Amino acid sequence: MNLLKFRGENDYVSQTYFRKNTRRYELTFAYVEVTDELGLLDILTEDRLFGAKVWEFVPDKLVSRDLMDSIQEITFLQRLLDFRAKDRFRVLDIGAGYGRFAHRFTTSFPGSWVTSIDAVATSTFLSDFYLKFRSCERADVVPFDRVSDLKSGHYDLATNIHSWSECTKQFIAFWLDRISDLKIPYLFIVPHSTTLSTVESDGSNLTYDDELERRGFKLVLKQRKFNRSKYIDQMGIFPADYRLYKRESM
């Protein structure tokens with residue numbers, strides 16, 4: 001991966017299809033505008049920095065997957081968890097990549113705090129660099145080898161967006177144990193597919209629903225990213241399930 005273009009087309013955020021890219025982005029933007037209950041399109045901006053792929057079909061507004069996915073994820077979470085702009089809402093973003101979610105979330109909710117952590121050293125470096133570059137003062141990055149430094153009872157929500165679908169069941173179980181130990185009440189998962197599928201070392205696939213159930217995680221809501229339109233669910237950019245869990249006391 002070209003580290004100078006870490007927001008480009010790569011493993012962090014796939015952004016293009018083989019065809020109909022402009023059409024897909026136009027449909028998705030129309031959907032995001034209609035469902036943007038928080039007015040985040042007026043708060044969050046986009047640029048071409050670090051190789052980000054942008055579309056310019058809207059006057060004075062650059063459009064990217066980074067921007068639109070962030071708005072949809074944040075809107076979903078705020079609607080269910082009802083946090084406010086000045087609330088001290090604290091998030092642990094697991095598998096944080098280059099820090100996309102932390103940047104967008106703390107910009108949208110200035111009273112919030114997001115801790116990013118990733119088992120890939122390159123991601124730790126990039127997220128630390130990127131969040132400082134974006135002047136995200138209410139975000140920090142914890143290296144994976146310092147996971148024990150995370151404070152129990154400190155976080156309101158843990159997130160995993162499109163990374164556990166590339167991990168083994170054993171590694172996901174490790175993180176579910178950490179979330180339980182840290183007494184984080186809510187967990188937000190965005191998988192690649194409609195199932196909670198893993199990728200094992202031998203190339204096989206398992207599911208980790210049983211690991212969630214074993215640790216007391218109960219599904220609050222599973223909702224399609226484009227739940228208000230079956231047609232945009234087919235043609236919008238990278239449809240997915242949004243899953244919010246609440247952990248019962250064990």
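Below are the figures for this structure:
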item: Tally of residues being more than 23 Å from residue 75 (Cβ to Cβ) and among the basic types (Lys, Arg) across region 109-138; result: 1
item: Subset of region 29-63 that is aliphatic (A, V, I, L, M) and assigned to a strand (DSSP E or B) - its residue that is nearest to the chain's Cα centre (by Cα); result: 63
item: Identity of the residue in region 68-78, touching a Phe, Trp or Tyr at 6+ places or on another chain (Cβ under 9 Å) and not polar (S, T, N, Q), that ends up surrounded by the fewest Cβ atoms within 10 Å (Cβ to Cβ); result: 76
item: Scope region 170-206; condition assigned to a helix (DSSP H, G or I) and not polar (S, T, N, Q); matching residues; result: 171, 172, 173, 174, 175, 176, 177, 178, 179, 181
item: Selection within region 179-198 - more than 15 Å from residue 241 (Cα to Cα), of a type outside the set (Gly, Ala, Ser) and open to solvent by less than 60 Å² (accessible area, probe 1.4 Å); result: 179, 182, 184, 185, 186, 198
item: The one condition in (1) in a loop (DSSP other than H, G, I, E, B); (2) touching a strand residue (DSSP E or B) at 6+ places or on another chain (Cβ under 8 Å); (3) open to solvent by less than 70 Å² (accessible area, probe 1.4 Å) that residue 226 fails to fulfil; result: (2)
item: Complete set of residues in region 71-99 that are assigned to a helix (DSSP H, G or I) and either in contact with a Leu (Cβ under 7 Å, 6 or more places away or on another chain) or farther than 18 Å from residue 46 by Cα (or both); result: 71, 74, 75, 76, 77, 78, 79, 80, 81
item: Failed item in (1) at pLDDT 90 or above; (2) out of contact with any strand residue (DSSP E or B) (no Cβ under 7 Å at 6 or more places or on another chain); (3) open to solvent by less than 60 Å² (accessible area, probe 1.4 Å), with residue 37 passing the rest; result: (3)
item: Top-ranked residue of region 102-136 - restricted to ones that are without any contact (Cβ under 8 Å) to a residue 24 or more places away in the chain and more than 25 Å from residue 178 (Cα to Cα), ranked as surrounded by the fewest Cβ atoms within 10 Å (Cβ to Cβ); result: 135
item: Selected residue (criterion: farthest from residue 11 (Cα to Cα)) from residues of region 148-178 that are surrounded by fewer than 19 Cβ atoms within 10 Å (Cβ to Cβ) and of a type in the set (Lys, Arg); result: 151
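The values are calculated or read from the model by the stated rules, or taken from the named source; none is laboratory data. All figures in this text were calculated on a predicted structure; none of them were measured in a lab. Every residue, glycine as well, gets a Cβ built from its backbone with ideal geometry; the counts of neighbours run over all protein chains shown. Protein only, heavy atoms only, side chains kept; ligands, DNA and RNA dropped before computing areas. Shrake-Rupley method; radii C 1.70, N 1.55, O 1.52, S 1.80 Å.
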